Amino acid sequence: MAGPDDRQDGSPSHIHIEKTKQPAWFKALAWLALALGLLALLLALTRCNRQETATVAPVAPAPAGPVVAATPNAASSTALVGTSGLGSYLGGTDATPRTFTFEKLNFDTAKSAVRPADAAEINQIAATLKQYPSAKIRIAGYADARGTDAANMALGKARADSIKSALVTQGIDGGRIETASGGEHDAVDSNATPGGRFENRRTELVVTAR
């Protein structure tokens, strides 16, 4: 019986398996495929991040605050400046809207209360509106240039609301009166002097419908 060390003449004493060498271009191709795979992964992650950012990005809210006083197509006439011309206008046929500047109804600094000296002006406007019950108006309040724009916008609105409240107290339906604010804009006098600032702390009346 042949032993484990027995072999026939000419048979190899051991078997040698030679590994086949891969060409250099094959290795380069493998590295290129790996690099392309990593690049595709990075692009996919970047796209996901962009989509997530777009999804969670907050939408800027619409700016809040008082309505600006500008009334489109609201003409004003020197012949009708002052509320004393309000009755003549409402009894006529001129087009609306039309702007009137109060002859009084200015305000003390940082105040929105109607001054006792201006009560007669309120009474005159109320009496005129009672004569023309279908007329609708818009009251715009203004401020001088001191203070921030936001504070002046709020102050102008408060002044317009004070005029409306005074007219409602006189028996005018509040549904006929809209209020707005012009803040420190559209100054009628200089803000460099006390007298000019007083003139800018004013209100205007716009007839929006007869």
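Going residue by residue through region 192-201, is there one that turns out to be outside any helix (DSSP H, G or I) and touching a strand residue (DSSP E or B) at 6+ places or on another chain (Cβ under 8 Å)? Please lay out each step first, then the result.
Here is the first cut: in region 192-201, the residues outside any helix (DSSP H, G or I) are 192-193, 201.
Keeping just the survivors that are touching a strand residue (DSSP E or B) at 6+ places or on another chain (Cβ under 8 Å) gives 201.
There is at least one residue in region 192-201 that is outside any helix (DSSP H, G or I) and touching a strand residue (DSSP E or B) at 6+ places or on another chain (Cβ under 8 Å).
Pick from 119, 166: which is among the small types (Gly, Ala, Ser) and modelled with pLDDT of 95 or more?
Just a single option satisfies the conditions, and that option is 166.
For region 133-155, name all the residues that are in contact with a Ser or Thr (Cβ under 7 Å, 6 or more places away or on another chain) and either acidic (Asp, Glu) or part of a helix (DSSP H, G or I) (or both).
153, 155
Being among the polar types (S, T, N, Q), assigned to a loop (DSSP other than H, G, I, E, B) and either touching a Gly at 6+ places or on another chain (Cβ under 9 Å) or modelled with pLDDT under 90 (or both) is the filter here, so list the residues in region 97-116 that pass it.
Taking region 97-116 and keeping what is among the polar types (S, T, N, Q), we get 99, 101, 106, 109, 112.
Next cut, assigned to a loop (DSSP other than H, G, I, E, B) only: 106, 109, 112.
Result: 112, single match.
Is it the case that residue 130 is modelled with pLDDT of 90 or more, assigned to a loop (DSSP other than H, G, I, E, B) and either at positive phi or among the charged types (D, E, K, R) (or both)?
On the way: modelled with pLDDT of 90 or more: yes; assigned to a loop (DSSP other than H, G, I, E, B): no; either at positive phi or among the charged types (D, E, K, R) (or both): yes.
Answer is no for this residue.
Looking at region 128-164 only, could you name the residues that are among the small types (Gly, Ala, Ser), surrounded by 14 or more Cβ atoms within 10 Å (Cβ to Cβ) and farther than 16 Å from residue 181 by Cβ? Steps first, answer last, please.
Filtering region 128-164 for residues among the small types (Gly, Ala, Ser) gives 134-135, 140-141, 143, 145, 147, 150-151, 154, 156, 158, 160, 162.
Subset that is surrounded by 14 or more Cβ atoms within 10 Å (Cβ to Cβ): 135, 140-141, 143, 145, 147, 151, 154, 156, 158, 160, 162.
Matches in region 128-164: 135 only.
The values are calculated or read from the model by the stated rules, or taken from the named source; none is laboratory data. Here the structure is a predicted model, which means the values were calculated and not measured. Counting neighbours? That spans all protein chains shown, and the Cβs are built from the backbone with ideal geometry, glycine included.
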